[in-house]
Every structure is written in structure tokens, then in C-alpha cells.
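What follows is a set of notes on a single structure, which appears directly below.
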Amino acid sequence: MSERQQEFQKAYEKGKKALEYGRYQISIEQLEKAKKLINPSSKLGGEVRLWLVSAYQAANDMKRAIALCQELAKHPSPEIRKQSERILYILQAPALKRPEEWLTKIPDLSQLSDDQTKTGRYRPAGRVQSRKGKQIEPEPIDPSQINTKDNQFIWVALLGIIALFILFN
């Protein structure tokens, strides 16, 4: 693999990974870099641009996302053309208005410094601290209170199974 191909592969993978982790600006930078290192009319070149459309959309840069998608609608690969046309249809669809009561407010934590996130009231998901407290033990049961009398259930069940076996054979 040539140095240019390795550089492309590295930038492409970093761009996809950054997009998946919500780091849209890094994703755009890496995918732009990969875009320059690959033939634009190749299928892989089209795939890089489709990822770039998603990164633009995620970064709320709809003009660039739509422009690139329109460009991809003329791509030589029929698969890339079809996919870009579907995405373009979604990007150009009118935004639906949702009532305020349908939405959940999520606090903006981007303004917090590292010190505040460590000592603040917001904690990252996934870290659950165990609560150490008194363990409640069930009261012991007196064995003399347990009903150990045979209620003949096993014999009734066995006779029922035998009867069913005889009827269906």
C-alpha cells in the first residue's frame, strides 16, 4: 500500500470515528483531507463524500451538506447517486414543528470546565457508585412452622399425565 493510500485510509477512518463520537469538526477536517487523497469519481471517493455530507449535517452546515449531496447526485456510481438522492430528499424536506411539551431539555455542559465536571453535580453516565448501607437480612423462619404435610399433588399430576397419554395414543 502506498504512502498516499495509507494517509487516505488513516484520515478516512479517523473522520468516520470522530463522526460516530460526535466530534463533528474533527470529522469534517479528516474527511476533507481524505476527500483530497482519493479519486472523486471512484466508489470509495463517493463514500467519503457521503460521510462528509453526514458530518456537515451533524455540524448544522446544511448549505454545504446540500451542495455536496447535489454534486454526488451526478456521481458515476449508481449506488452513490441513489444514496445521495435519498439523503438530498431528507435534507431538503421541510422541518416539522414540534410542540414544546414533546421536547426534553438537556442542559448544556459544554461550558463547564474540567474541574466543574469532576466536582459538579453532573456525572458521566455509566459510573454508578455503590451505596453502602445496612444490608437487611430476612428474618429466619422457624422450621416447625413450615407445612411439610404431603398434599397428594404429585399423585394427581401423575395420574393426569397418564390419562392424557392414554387418550392421545
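Values in this text are rule-based calculations from the coordinates and carry no lab data. Keep in mind the model is a prediction, meaning the values are calculated, not measured. No Cβ is skipped: glycine too gets one built from the backbone with ideal geometry, and neighbour counts run over all protein chains shown.
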In degrees rounded to 10, the 0-90 angle between helix 3-20 Cα long axis and the longest Cα principal axis of the chain is 50
May I ask which residue of 166, 144, 58 lies farthest towards the positive end of the charge dipole of the chain, with charges of +1 (Lys, Arg) and -1 (Asp, Glu) on Cβ and the Cα centre as origin? 58
Angle check, please: helix 78-91 long axis (alpha carbons) against the longest principal axis of the chain (alpha carbons), in degrees 0 to 90, nearest 10. 80
Taking neighbour Cβ counts within 10 Å as the exposure measure, how do 156, 48 sort from fewest upward? 156, 48
Gyration tensor over alpha-carbon atoms, the chain, equivalent ellipsoid semi-axes in Å: 59, 31, 20
Ellipticity estimate at 222 nm from DSSP helix runs (n ≥ 4, -39,500 (n - 2.57)) divided over the chain, nearest 500: -17500 deg cm²/dmol
With +1 at each Lys and Arg Cβ and -1 at each Asp and Glu Cβ, the charge dipole magnitude of the chain around its Cα centre, to the nearest 20 debye, comes out at 740
I need the shape label for the stretch 3-91. Rule: rounded when a/c is under 1.5, else prolate if a/b > b/c, else oblate, with a, b, c from the alpha carbon gyration tensor. oblate
Which ordering of 144, 42 is given by a fewest-first count of other beta-carbon atoms within 10 Å? 144, 42
On a 0 to 90 degree scale, rounded to 10, what angle separates helix 153-167 from the longest Cα axis of the chain? 70
